[in-house]
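Colleague: Below: one structure in C-alpha cells.
The values are calculated or read from the model by the stated rules, or taken from the named source; none is laboratory data. Please read these numbers as outputs of a predicted model, since none were measured by experiment. Here the Cβ positions follow ideal geometry from the backbone for every residue, glycine too, while neighbour counts run over all protein chains shown.
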Amino acid sequence: MAEHEPTPARDDLLARYSRQILLPQIDLAGQEALAGARVLLVGMGGLGCPAALYLCAAGVGELVLVDDDTVDLTNLQRQVLYGEADLGLPKVRAAAARLAALNPHVRLTPRVERLQGERLQAAVSAATVVLDGSDNFATRQAVNRACVAAGRPLVSGAAIRFEAQFAVFDPRLPDSPCYACLYPEHASEAKDELPAERCTAAGVIGPLVGVMGSLQALAAIRLITGAGDSPAGSLWLFDALRLDWQRLALPRDPDCPVCAGRAGAQVSESDG
C-alpha cells in the first residue's frame, strides 16, 4: 500500500482537480464522491494501465490493483505504466509506484494474486465500481458473478487485433443485463481454449487498448459521480481499422442463470 503524504490544503486539491470541478455534471459534490470511492481493477494489462492512470489523476479515493503477472518485454508495446526498469517485477507493484508519483493523495492497494472464490467476492463487495481488464473468459465470468451477487456495477472492456468492445453492467438497475447475458458461461468457456482468441497469438494494436481503457475510466467516473445517463444496456463495438463505432442494444436475458433471480434495485447514495 502506498504511503500517504500529509493531507494537502483544500486550495491545492481544488487547483489539482479544477478542470473537472468546473464541469457542472461533476462540481464539488462529484469530486467528493470520487474521493470517497474505491475502484477495483481486475487485470493491470493493456486496459488496466490507462484506466488506472486516468482514475488516479481524477482523484479516486482508492484504487485496488489486482494481477498475478510480472512485467514482460512484450508488454511494453501497449501497457503504458511500465518501462524497461520494471521487467520481472509484479505488475501491480510497478503500477502502484508509477501511480503514486502521479497523485500521492490516492490510496493504492496492489494485490499480487488471481482473485477467486471468497477473496474475489470480498474485494468486489468492498468496491464502489469494478473494472474488468482481464484476458480470459473464466475470469470475466467469475468477476461478473461476484458483481451480480454484491450489486456492484461492472465496467467491461476487451480488445484484440484491431477490434474492441465495451459495456457496463449495473445490477443495481432492474433492467440491466449482466456479462453472462451477452456471453453465456457454457459458451464462453470453450473460447479460452482457442489460441486465436488470445492476444499472445492474434496480436493487438497498442493505441486500441488505450482507447478502451480510457473509456472504462470515463464510465467509472460517470457511475461514481452520477454524470450523464446510465451507460448500462448497450454494447459498443469499435473497429480501429475503419475508425467505426457501433452501438448495439443489449437486453437482459430473463433466463440467465447468473442474474435471472435478481430483483434489481434503484441506485442509492451509499452505492456511490
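Colleague: Look at VAL168 and say whether it is touching a helix residue (DSSP H, G or I) at 6+ places or on another chain (Cβ under 8 Å) and more than 28 Å from GLY226 (Cβ to Cβ). Full working, then the answer.
Modeller: Details: touching a helix residue (DSSP H, G or I) at 6+ places or on another chain (Cβ under 8 Å): yes; more than 28 Å from GLY226 (Cβ to Cβ): no.
It is false that VAL168 is touching a helix residue (DSSP H, G or I) at 6+ places or on another chain (Cβ under 8 Å) and more than 28 Å from GLY226 (Cβ to Cβ).
Colleague: Could you check, for the range 198-210, whether at least one of its residues is assigned to a strand (DSSP E or B), surrounded by 17 or more Cβ atoms within 10 Å (Cβ to Cβ) and modelled with pLDDT of 95 or more? If you could, list the steps in order and put the result at the bottom.
Modeller: Step one: filter the range 198-210 for residues assigned to a strand (DSSP E or B), giving 204.
Those left that are additionally surrounded by 17 or more Cβ atoms within 10 Å (Cβ to Cβ): 204.
Now drop any that are not modelled with pLDDT of 95 or more, which leaves 204.
Yes, some residue in the range 198-210 is assigned to a strand (DSSP E or B), surrounded by 17 or more Cβ atoms within 10 Å (Cβ to Cβ) and modelled with pLDDT of 95 or more.
Colleague: Hey, another quick one. Would you be able to tell me the number of residues in the range 62-82 that are in a helix (DSSP H, G or I) and either in contact with a His (Cβ under 9 Å, 6 or more places away or on another chain) or farther than 19 Å from ARG114 by Cα (or both)?
Modeller: Just the residues of the range 62-82 that are in a helix (DSSP H, G or I), to begin with: 73-77.
Among the residues that remain, those that are also either in contact with a His (Cβ under 9 Å, 6 or more places away or on another chain) or farther than 19 Å from ARG114 by Cα (or both) are: 73-74, 76-77.
Total satisfying the criteria: 4.
Colleague: Here are some residues: PHE162, PHE166. Which one is more than 26 Å from ARG222 (Cα to Cα), among the hydrophobic types (A, V, I, L, M, F, W, C) and in contact (Cβ under 8 Å) with a residue 24 or more places away in the chain?
Modeller: Working: PHE166 fails: more than 26 Å from ARG222 (Cα to Cα).
It is PHE162.
Colleague: Report, by residue number, each residue of the range 83-95 that is over 19 Å from ARG114 (Cβ atoms) and assigned to a loop (DSSP other than H, G, I, E, B). Steps first, answer last, please.
Modeller: Residues of the range 83-95 that are over 19 Å from ARG114 (Cβ atoms), as a first pass: 83-87.
Selection gives GLY83, LEU87.
Colleague: Let me confirm something: among ALA94, ALA33, ALA85, ALA37, which residue is crowded, with 17+ Cβ neighbours inside 10 Å and closer than 26 Å to LEU208 by Cβ?
Modeller: On the way: ALA33 fails: closer than 26 Å to LEU208 by Cβ; ALA85 fails: crowded, with 17+ Cβ neighbours inside 10 Å; ALA37 fails: closer than 26 Å to LEU208 by Cβ.
Answer to the selection: ALA94.
Colleague: Still on this model: What single numbered condition from (1) surrounded by fewer than 15 Cβ atoms within 10 Å (Cβ to Cβ); (2) among the acidic types (Asp, Glu); (3) modelled with pLDDT under 95 fails to hold for GLU113?
Modeller: (3)
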